[in-house]
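Every number here is computed from the coordinates shown, using simple stated rules; none is lab data. On a predicted model such as this, the values are computed, not experimentally measured, just so you know. Every residue, glycine as well, gets a Cβ built from its backbone with ideal geometry; the counts of neighbours run over all protein chains shown.
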Amino acid sequence: MIKRFVLCGILATLGWPAMAGEEFTPVTVADVVKFENPPADARIQYGDDPLQFGDLRVPPGDGPHPVAIFIHGGCWLAKYGIEHSGKLTAALARSGIATWSLEYRRVGDAGGGWPGTFQDIGRGADHLRSIAEEYRLDLDRVIVMGHSAGGHLALWLAARPGLPAEAPFRSRDPLDLRGVLALAPAPDLEFLHEEEVCGHVIDKLMGGSPEQFPDRYRWGDPGQMASGGVRQVLIIGKYDDDWAPSGRRYFRVARERGDDIRMVDATESGHFEMIDPDSTTWDLVLESARKLLGIPGD
């Protein structure tokens with residue numbers, strides 16, 4: 001059952017079997033909160049609220065650099081912030097991909113939840129235009145990446161251009177994206193509502209149930225939103241028994257409606273390995289990001 005979630009929805013259980021004679025020891029919540037967080041090249045506000053900022057990391061060289069917008073997870077909850085994502089975004093920058101890692105208002109923050117969380121993600125992504133020239137960023141090569149709850153928001157950001165005029169966070173000119181890379185995403189909000197994840201966090205995020213606010217779920221759940229032709233890659237861990245059902249359900253729905261979507265099975269991963277550059281899953285993540293950005297292989 002999904003009701004065991006903590007950070008990004010999971011209390012990792014040790015000792016999942018990997019193959020005969022071996023054990024899989026997952027990266028745990030305790031490991032993640034201890035991840036290094038190298039300083040960013042710049043911390044830039046995209047709004048007036050203290051939580052409306054992004055950490056920018058830029059590769060060496062003259063550029064222009066391809067960019068990955070990154071959205072961290074943490075069950076959409078205020079208690080889990082941007083800090084644990086620094087290890088991943090710094091590794092991407094060392095690999096030649098600039099990273100614009102967004103902090104945003106979450107459940108428990110003033111203004112977090114509906115619609116503030118979604119407004120922040122859209123506004124933060126669009127702010128990339130304001131800093132592109134100064135930091136030599138290539139706006140023709142931008143993808144969005146997200147992990148867990150951040151994977152939901154990444155998929156939502158890719159589908160945002162299709163929002164109707166009455167949606168409270170619709171943008172007249174949303175940033176163009178070449179693709180979305182969703183790592184252990186949690187995009188099926190109605191399913192997660194039914195499973196009461198993270199202490200009924202979906203109701204807190206959306207302000208109520210799907211029955212109470214059908215429009216909010218229609219505008220905030222990528223499972224109910226066409227991708228508009230943006231390429232999507234999902235990476236889902238073999239041992240992520242808790243969150244994988246949500247991602248796999250989304251994959252089936254998106255494929256049936258004709259989205260350009262691919263799913264990668266991470267055979268040596270639980271929920272967190274894919275955000276750990278020291279794990280064996282990291283090569284899958286980096287390769288997928290490079291392909292979406294059109295970066296030639298080594």
### Message
Which of HIS127, HIS147 has the fewest other C-beta atoms within 10 Å, and how do the rest follow up to the most?
### Response
HIS127, HIS147
### Charge dipole magnitude, Cβ of K and R +1, D and E -1 - the chain, Cα centre, debye nearest 20
460 debye
### Chain lengthening between ARG249 and ARG94 when straightened (0.36 nm per residue, less Cα-Cα)
52.4 nm
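When N is the residue count of the stretch 223-284, what does its C-alpha Rg come to as a fraction of 2.2 N^0.38 Å?
This ratio for the stretch 223-284 stands at 1.18.
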### Dipole of the chain, positive end: most advanced residue of ALA42, TYR239, ALA90 [Cβ charges, Cα centre]
ALA42
### Task
Determine the relative contact order of the stretch 116-206: mean sequence separation of Cα pairs under 8 Å and six or more apart, normalised by residue count, in whole percent.
32 percent
### Task
Please work out the Cα convex hull volume for the stretch 2-293 and give it in Å³ per residue.
119 Å³
### Query
For the stretch 2-293, what's the relative contact order in percent, using C-alpha pairs closer than 8 Å and at least 6 residues apart?
19 percent
### Task
Note the per residue figure in Å³ for the convex hull of the C-alpha positions in the stretch 157-261.
101 Å³
## Note on the structure
Rounded to the nearest 5, the percent of DSSP beta bridges in the stretch 2-293 running antiparallel is 25 percent
### Query
To the nearest 500 deg cm²/dmol, what mean residue ellipticity at 222 nm is calculated for the chain from DSSP H runs of n ≥ 4 alone, each contributing -39,500 (n - 2.57), summed and divided by the residues?
-9000 deg cm²/dmol
### Query
Does a label point 7 Å from the Cα of ASP215, set along Cα-to-beta-carbon, have any residues of the stretch 170-209 with amide nitrogen under 12 Å, and which are they?
none
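Please report the net charge: other residues with Cβ closer than 9 Å to the Cβ of ARG105, K and R +1, D and E -1.
Working: positive: ARG106; negative: ASP49, GLU103, ASP109, ASP120.
Local net charge: -3.
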## Note on the structure
Residue-ordered couplings for the stretch 231-241, obtained by feeding phi - 60° into the Karplus form 6.51 cos²θ - 1.76 cosθ + 1.60 and rounding to whole Hz (Gly and Pro as x), are 5, 10, 10, 9, 10, 10, x, 4, 9, 8, 5
